[in-house]
Amino acid sequence: MPTVVTFGGHTQHKELLLTEVYYVPGLSVTLLSLWQLVQDDYLIRFDQNGFSGTRGKHRKPLFQAHEHNGVYEVPTPESQFQQSVATAFVARQTRAVPLSELHRKLGHLSVDACRRLASSNAVDGVTLVLGHPPPVCKACAFAKVTKAPAPRKRSSPDELAAGGCHIDVAGPIRASYHGSTFFLVAVWRDYIVVHGMKSKDEAKQKTSDFLHFIERQAEVPVSSLKVVGTDGGTDFFNADFRALVAGQGIRHQRTARYRSSQNGVAERTIRTVTDMAAAMLIDSKLPHYLWEDDIIHAAYIRDRGQDARTSSAKVRSFPRSR
């Protein structure tokens with residue numbers, strides 16, 4: 001077994017002859033038995049730095065052991081070479097880097113976290129270049145881009161808004177007493193109409209029923225209805241629905257993809273009537289399958305409430321002139 005001995009400031013390589021050696025598969029280190037060395041006429045001397053082993057008349061040291069993490073290690077040429085390579089590698093890698101470069105190398109970790117790592121012992125071989133604060137990371141800025149929030153107020157004037165009808169479909173929901181699993185909400189001039197549907201395919205027919213209904217019941221000419229606004233779903237984006245609105249001379253206005261907030265009037269109305277219906281069902285302890293009648297009743301109450309945008313005490317009636 002080759003060993004490395006330092007004596008009088010000089011380093012020498014020695015050969016240690018071992019007997020009664022056992023091979024253990026998978027063991028990555030060589031274990032020495034001091035008792036066995038003493039039996040082989042080795043003299044073991046301990047001091048504050050470790051111990052050494054000698055043999056023969058001249059008692060020259062054949063090996064030395066140094067304490068490392070509570071264990072005595074006998075240096076060998078191979079272990080010293082590996083240690084010197086690791087030391088040289090760390091020394092070669094130690095350099096000063098800009099904070100922006102460290103930020104990129106650490107997976108765009110926050111700048112403050114990079115500073116803390118560099119100032120602690122968590123990262124070896126890295127020191128920061130002192131100077132001006134790093135520039136804004138464009139990659140981080142692009143990665144954190146989100147959609148702009150939907151506006152809380154409409155930008156169109158009252159005259160233009162009065163000519164628009166907003167329609168949307170909600171569901172699926174557990175089947176109601178009437179067998180409906182969806183419901184359609186139509187909002188025109190703050191008036192709400194709700195229709196239950198067994199499938200989304202009924203959206204075209206329910207819209208047609210709504211248009212015929214307001215044609216006979218509205219207090220204002222139905223010709224004032226210019227635009228029907230829906231989302232981009234297939235329940236409205238089909239040939240049958242386009243033919244329906246085109247036959248009435250109404251323009252179909254769809255939202256952009258994945259931007260249902262552009263049909264916010266219908267979305268907000270759905271939330272309003274469903275919240276009212278859920279509260280009434282919970283308070284009355286009625287079964288869930290009555291949700292369709294409950295939502296229609298919520299719309300009925302909502303249509304007869306006071307208009308929050310005016311100071312008038314007059315309740316809403318069916319679509320009227322503003």
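Is it the case that GLY249 is free of Cβ contacts under 8 Å to residues at least 40 places away in the same chain and in contact with a Ser or Thr (Cβ under 9 Å, 6 or more places away or on another chain)?
Yes: the conditions hold for GLY249.
Restricting to segment 130-159, what's the tally of residues that are exposed (fewer than 13 other Cβ atoms within 10 Å of the Cβ) and at pLDDT below 85?
Selection size over segment 130-159: 19.
So which pairs qualify, if the first residue must be in segment 54-74 and touching a residue at least 60 places away in the same chain (Cβ under 8 Å), the second must be aromatic (Phe, Trp, Tyr) and in a strand (DSSP E or B), the Cβ gap must be under 6 Å, and the two must be at least 6 apart or on different chains?
As it stands, the answer is VAL74/PHE63, since those pairs meet every condition given.
Residue-by-condition table, conditions (1) within 36 Å of the chain's Cα centre (by Cα); (2) of a type in the set (S, T, N, Q):
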{"position": "MET197", "(1), (2)": "yes, no"}
{"position": "ALA218", "(1), (2)": "no, no"}
{"position": "SER224", "(1), (2)": "no, yes"}
{"position": "GLY229", "(1), (2)": "yes, no"}
{"position": "GLY232", "(1), (2)": "yes, no"}
{"position": "PHE237", "(1), (2)": "yes, no"}
{"position": "ALA256", "(1), (2)": "yes, no"}
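List the number of the failed condition for ALA277; all other conditions in (1) touching a Phe, Trp or Tyr at 6+ places or on another chain (Cβ under 9 Å); (2) surrounded by fewer than 16 Cβ atoms within 10 Å (Cβ to Cβ) hold.
Evaluating ALA277 over (1) touching a Phe, Trp or Tyr at 6+ places or on another chain (Cβ under 9 Å); (2) surrounded by fewer than 16 Cβ atoms within 10 Å (Cβ to Cβ) leaves (2) as the failure.
Please tell me if ASP201 is part of a helix (DSSP H, G or I), of a type outside the set (A, V, I, L, M, F, W, C) and within 23 Å of ARG271 (Cα to Cα).
Taking the combined requirement at face value, the residue satisfies it.
Please work out which residue is farthest from VAL273 (Cα to Cα), limiting yourself to segment 160-188 and to residues that are without any contact (Cβ under 8 Å) to a residue 12 or more places away in the chain and surrounded by fewer than 16 Cβ atoms within 10 Å (Cβ to Cβ).
LEU160
The values are calculated or read from the model by the stated rules, or taken from the named source; none is laboratory data. Because the structure is a prediction, the values reported are computed rather than measured. Positions of Cβ are backbone-derived with ideal geometry, glycine not excepted, and every protein chain shown enters the neighbour counts.
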